[in-house]
Amino acid sequence: MAKNKIQHYVPRCHLKPFSIDGKGAAVCLYNLKSDRLITNAPLRNQCARDYFYGPDGRLETAFQPLEGNYANVIRRLPSRSGQMNPVDLEFLRDFSLLQSLRTEMAARRFSIINSAIYDMFKMHDPESVSDVDLGVASILHSALSSFQQNRQTISDLKCALILNRTMTHFVTSDDPAVFTNRFYLQRLNDNNFGIKNSGAMLFMPLTPVHAFVCYDPYCYMVPDIVGSVLELKDIRDVFAVNQLQFIRAGANIYFRDWKDGDRVRKEVAEVADRRLEVWGAVNYLIEESRSGDFIKYRIATEEEIRKVDKLIFHAEGYHPDPKDWLSKIKWHPKPRTINTRSAAGHERPSKRHQT
């Protein structure tokens, strides 16, 4: 059995800067379900489950060097001026991606897809899934196996450190790394997109005064950025960043100062209608018609799913659609996308399309 029974899906090194006085012992939190503010909640008990990644402890152990490097990067963050080391920025991009794949809420999202596929195979060939493990640890191991490929996929996103100059702090949550996409949500009116798609954005708070963002430079521009640092002086921009935590969090919002509790509760209420009960779905498609090499598909009925021999499944992931967006990230005057004219949608230009 693993030495560390309690395994954290949001590392303590991430939560520590948001802890009371930054000491790492206790934290203030707002529980979304109970509408309850709690002070002095022990940090070691937050975002953790017994053997969350499995009893062998291998995955938990593999995370430790990355979490140690993350803690070092956080200690090096500039407080007033200065620039970020490009290597540190790239590491934060990778770490944010990893963090988005390893939480309890991530497991729930992946479970929707895995369970739907399992049910389909069980319906047609029960023996083929007789030994399939749908436990949380197994689902997360499967999801994390895609990390290296996804890491390359987002390597074209531009990185920035957000420095909060206001008196209103950033918060964090039990699902802090958040993918979203303003281009898809506002220009295409579509909440079904992935990390390959044009307009991708990834946010993660780092401390009460720092946050990280990477974004598609073909869709957005940041004219006020100095080097790699973007300063915020308007509390509305801080709220825009915090909204992603309020909308995406599973159970708890974490913050440093108890005096901020009422503000956090009020701001959560402002975007409560944007929180989703379900963050994904699976559609089963069957062939409807053919014209040469072109095949048209449609969503199958439950009866058709049971009867047909050939199905295509299409997984949809839903993402936070905030009330407000960070005003410092503006639309590119000439957005560039590659329209695949397929279910893949609009994708960012690959290197062979760059000029």
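Quick notes
- Computed over protein heavy atoms with a 1.4 Å probe, the accessible surface of the chain works out to 50 Å² per residue.
- Charging the Cβ of each Asp and Glu at -1 and of each Lys and Arg at +1, and nothing else, the dipole of the chain about its Cα centre rounds to 1180 debye.
- Most to least accessible of Arg80, Arg265 (protein chains only, probe 1.4 Å): Arg80, Arg265
- When the C-alpha to C-alpha distance is required to be over 18 Å, the pairs from Lys23/Lys266; Lys158/Lys196; Lys233/Lys330 that qualify are Lys23/Lys266.
- In order through region 178-193: 3J(HN,Hα) via Karplus (6.51 cos²θ - 1.76 cosθ + 1.60), integer Hz, x for Gly, Pro: 10, 8, 8, 6, 5, 4, 5, 5, 9, 7, 9, 6, 9, 9, 10, 8
- Against the main long axis of the alpha-carbon atoms of the chain, helix 86-101 sits at an angle near 60°.
- Estimated from the Cβ-Cβ distance and a Förster radius of 22 angstrom, the FRET efficiency linking Lys323 and Asp234 is about 0.90.
- Selection among Gly57, Pro42, Gly227 by position relative to the dipole of the chain gives Gly227 as farthest towards the positive end (Cβ unit charges, Cα centre).
- Kirkwood-based shape ratio for the chain, expressed as Rg/Rh from alpha carbons: 0.98
- Axis of helix 261-270 versus longest Cα principal axis of the chain: the two differ by about 30°, to the nearest ten degrees.
- Dipole check for region 56-98: with +1 at the C-beta of Lys and Arg, -1 at the C-beta of Asp and Glu, and the Cα centre as origin, the magnitude is about 280 Debye.
- Inverse mean reciprocal Cα-Cα distance (Kirkwood Rh) of region 210-355, Å: 19.6 Å
- The phi-based Karplus calculation (6.51 cos²θ - 1.76 cosθ + 1.60; θ = phi - 60°) puts the 3J(HN,Hα) values of region 245-260 at 6, 4, 7, 8, 3, x, 10, 10, 9, 10, 8, 7, 9, 4, 5, 8 Hz, whole numbers, x for Gly and Pro.
- Normalising the Debye intensity of region 155-257 to I(0), with uniform scatterers on Cα atoms only, and taking log10 at q = 0.15, 0.21 Å⁻¹ returns -0.62, -1.18.
- Of all the options Gln64, Gln245, Gln99, the one that moves most in a Gaussian network model of the chain with Cα springs shorter than 10 angstrom is Gln64.
- Surface/4 of the Cα convex hull for region 145-192, nm²: 5.7 nm²
- Angle in degrees between helix 104-124 and the longest Cα principal axis of the chain, rounded to the nearest 10: 10 degrees
- Element breakdown for the chain at a 1.4 angstrom probe: carbon and sulfur atoms account for 49% of the accessible area.
- Straight-distance crosslink candidates among aspartates and glutamates, where the alpha carbon sits under 18 Å from Lys259 and sequence neighbours closer than 8 are dropped: Asp21, Asp35, Glu267
- Anchor Lys328: aspartates and glutamates whose Cα lies under 13 Å away (excluding residues fewer than 8 positions away in-chain): Asp224, Glu231, Asp234, Asp237
- Over the C-alpha atoms of region 1-108, the Rg to Rh ratio, Rh being the Kirkwood estimate, stands at 0.99.
The values are calculated or read from the model by the stated rules, or taken from the named source; none is laboratory data. Note that the structure is a prediction, hence the values are computed from the model and not measured. All Cβ positions, glycine included, derive from the backbone under ideal geometry; neighbour counts span all protein chains shown. All accessible areas refer to the heavy atoms of the entire protein, side chains included, with ligands and DNA or RNA removed. Shrake-Rupley method; radii C 1.70, N 1.55, O 1.52, S 1.80 Å.
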